[in-house]
Amino acid sequence: MEAAGVVIVGAGIAGLSAALASAEAEDVCVIAGEGPRTSSSARAQGGLAAALSEGDDPALHAADTLRAGAGLCDAQRVRELTEEAPGVVAWLAQFGVPFDRDSSGRLALGREGGHTRERIVHAGGDATGHFITEALWQAAARHPRIEIRREHCVGIAQDATGRAVGVWTWDGARQRFVAARRAVGLATGGVGALFGRTSNPPSAVGAGVALAYHAGATLANLEFVQFHPTLWLGRDGEAMLLSEALRGAGAVLVTEGGPPLFADPADNLRTRDVVALAIARAEAEGHRVYLDATQVRDVAARFPSIAARLRRAGLDLASQPIPVTPGAHFLMGGVEADLAGRTSVPGLFALGETACTGVHGANRLASNSLLECVVMGRRFGKAVREEPLACTYTPEEPTWLLHPEQDEAALPELAPVLWRSVGLVRDESGLRAALVELEGMADRYPGSGAVLAASLIARSALWRRESRGSHVRMDAPAPVQAYARPSGMCKAHRAATSVAITT
Ligand SMILES: Cc1cc2nc3c(=O)[nH]c(=O)nc-3n(C[C@H](O)[C@H](O)[C@H](O)COP(=O)(O)OP(=O)(O)OC[C@H]3O[C@@H](n4cnc5c(N)ncnc54)[C@H](O)[C@@H]3O)c2cc1C
């Protein structure tokens, strides 16, 4: 049997931060799947939010975060997150993250939607995620107490009391058990790939949500999926995000022929739910929407990765508007956890986008997720030291194991259902029909975490009979006070704690 003090699943910014922080005291095994280069982390463009400028303050950052969260944020955790943000930038710089600086050597700060101050630190212009991920990955690879394995986690091992004591992994040929003496951390990212049209990598199919659900953990707010307003879709079907920082730098949304999408240019920087919905409405009326960055000074130099990708497709960001459309981007919900990642299952932690800590509420403020990944990773590193030691033995195989090949088989059938009925705009009859279809797929694709995560999202969206943040119900177009609380569900109650639905 193989064992480590801490086992972390996923090698995005959350998993790598957690690995480096916990390796200060424990030996760590990272189950890295396909590695960090295929993570959402590596794709992050805009940056990481921190109140660092004169005239800014963590309290202002917190106020902006709470406003975006539409009444569902945990205010205390938001305060803690925003207060820790400047320290996060310093911690990352220690690993050699080359944050962009102005001519006087100060950190260059950008602005994104929903922020009332310039507070987004970035690296390589629009390649922030790439630079942070690479720096952390190199540090983890060099670290004498961190072992990295290119395997997939397919199950959580639990002892007779339910405590998580390790993971089952699959390397394409063999299944193995890796024991965790202190803690298992799930950092498998989000769910964007379930929707087909997404900014996320193919690995974002909700593995962590499915694994945690089967381990008995409480899930929260799964209905809140953020749709980013400005995805560019390449001819090969590959999607690329046109960072919100472009609008922060002065780019505006226009409809074909040039009329602006918003009468007031300031509305281009409203929160993502508002902007995405405005684009979806224009599309429903038969208009194509474009992002016009032609007035942004030095746009190609400031956004080099985006400009280069568009150039390869024959488009020039500096001289022509680029067609955009909304796509699934970020999961505000996930496995219910505190800021150190503790879930309702002893020994099991959820980190980064897999977790729902309440800091994003019903709608994430731009550039708060990389921040959350690092804050959680660092707190996890401290929290695991207090976890009691588990006995190391090989437990029985869990009754449910993830079968990644079933995800692959299910996705072409699943994604159109999710996009059509559980996408940007939802209603009761569509959600009920989608749920029936998705639950029917569970038998045809046994072991598919994607099918399970998709049906849990649909179930949560059906429960929330109101519109709030990113969750838009045509049949309940306004917020309802009775729903001003997080949704929750866990396997023990089958369809739920607060999400109880009969189909
Ligand atoms: C295009 C894009 C741009 C973005 N821009 C920004 C931004 O500017 N600022 C910001 O704050 N946020 C941004 N975000 C959001 C942010 O990048 C993510 O929320 C964050 O990086 C998530 O990090 P993570 O470590 O939780 O998950 P990820 O980075 O997604 O990493 C998860 C890892 O887990 C692995 N994995 C999955 N399943 C398994 C399994 N079963 N076994 C083993 N490994 C597994 C995956 O392969 C992946 O490597 C952006 C997201 C995208 C997609």
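The values are calculated or read from the model by the stated rules, or taken from the named source; none is laboratory data. In this text, all values refer to a predicted model and were calculated from it rather than measured experimentally. Here the Cβ positions follow ideal geometry from the backbone for every residue, glycine too, while neighbour counts run over all protein chains shown. For accessibility, only protein heavy atoms count, side chains too; no ligands or nucleic acids. Shrake-Rupley method; radii C 1.70, N 1.55, O 1.52, S 1.80 Å.
Quick check: anything in region 457-476 closer than 23 Å to PRO201 by Cα and touching a Leu at 6+ places or on another chain (Cβ under 6 Å)?
Keep residues of region 457-476 that are closer than 23 Å to PRO201 by Cα, which gives 457-458, 470-471.
Add one more test, that the residue is touching a Leu at 6+ places or on another chain (Cβ under 6 Å), and what stays is 457-458.
The answer is yes; a qualifying residue exists.
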Which of the residues spanning region 8-47 are near the ligand (Cβ under 6 Å from one of its atoms) and in a strand (DSSP E or B)?
-> VAL9, ILE31
Subset of region 126-143, residues within 12 Å of the ligand (Cβ to nearest atom) and open to solvent by 20 Å² or more (accessible area, probe 1.4 Å), comes to HIS130, PHE131, TRP137
Output the residues belonging to region 98-109 that are open to solvent by 20 Å² or more (accessible area, probe 1.4 Å) and in contact with a helix residue (DSSP H, G or I) (Cβ under 8 Å, 6 or more places away or on another chain).
-> PRO98, LEU107
Matching entry among LEU402, LEU351 (being closer than 29 Å to GLU244 by Cα, open to solvent by less than 20 Å² (accessible area, probe 1.4 Å) and not polar (S, T, N, Q)) | LEU351
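For region 202-237, name all the residues that are farther than 20 Å from SER369 by Cβ, open to solvent by less than 20 Å² (accessible area, probe 1.4 Å) and at pLDDT 95 or above. Walk me through how you get there before you give the answer.
Kept after step one, since they are farther than 20 Å from SER369 by Cβ, are these residues of region 202-237: 210-211, 213-218, 232-237.
From the residues that got through so far, the ones that are open to solvent by less than 20 Å² (accessible area, probe 1.4 Å) too are 210-211, 213, 215, 217, 232, 234.
ALA210, LEU211, TYR213, ALA215, ALA217, TRP232 - these are the residues of region 202-237 that are farther than 20 Å from SER369 by Cβ, open to solvent by less than 20 Å² (accessible area, probe 1.4 Å) and at pLDDT 95 or above.
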Of those in region 449-458 that are more than 17 Å from GLN226 (Cα to Cα) and touching a residue at least 60 places away in the same chain (Cβ under 8 Å), the residue surrounded by the fewest Cβ atoms within 10 Å (Cβ to Cβ) is LEU452
Determine whether SER22 is touching a Lys or Arg at 6+ places or on another chain (Cβ under 9 Å), among the polar types (S, T, N, Q) and in contact (Cβ under 8 Å) with a residue 24 or more places away in the chain.
-> yes
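Working carefully through the options GLU283, GLU256, find the one that is touching a Lys or Arg at 6+ places or on another chain (Cβ under 9 Å), without any contact (Cβ under 8 Å) to a residue 60 or more places away in the chain, more than 15 Å from the ligand (Cβ to nearest atom) and open to solvent by 30 Å² or more (accessible area, probe 1.4 Å). Quick ask: steps written out before the conclusion?
Numbers: GLU283 fails: touching a Lys or Arg at 6+ places or on another chain (Cβ under 9 Å).
Of GLU283, GLU256, the one residue that is touching a Lys or Arg at 6+ places or on another chain (Cβ under 9 Å), without any contact (Cβ under 8 Å) to a residue 60 or more places away in the chain, more than 15 Å from the ligand (Cβ to nearest atom) and open to solvent by 30 Å² or more (accessible area, probe 1.4 Å) is GLU256.
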Would you point out which residue out of VAL374, VAL359 is open to solvent by less than 10 Å² (accessible area, probe 1.4 Å) and assigned to a helix (DSSP H, G or I)?
-> VAL374
Counted residues, region 144-195 - those being open to solvent by 50 Å² or more (accessible area, probe 1.4 Å), in a loop (DSSP other than H, G, I, E, B) and more than 10 Å from the ligand (Cβ to nearest atom) | 8
Residues (open to solvent by less than 20 Å² (accessible area, probe 1.4 Å) and under 30 Å from ALA4 (Cα atoms)) located in region 405-437 | ASP407
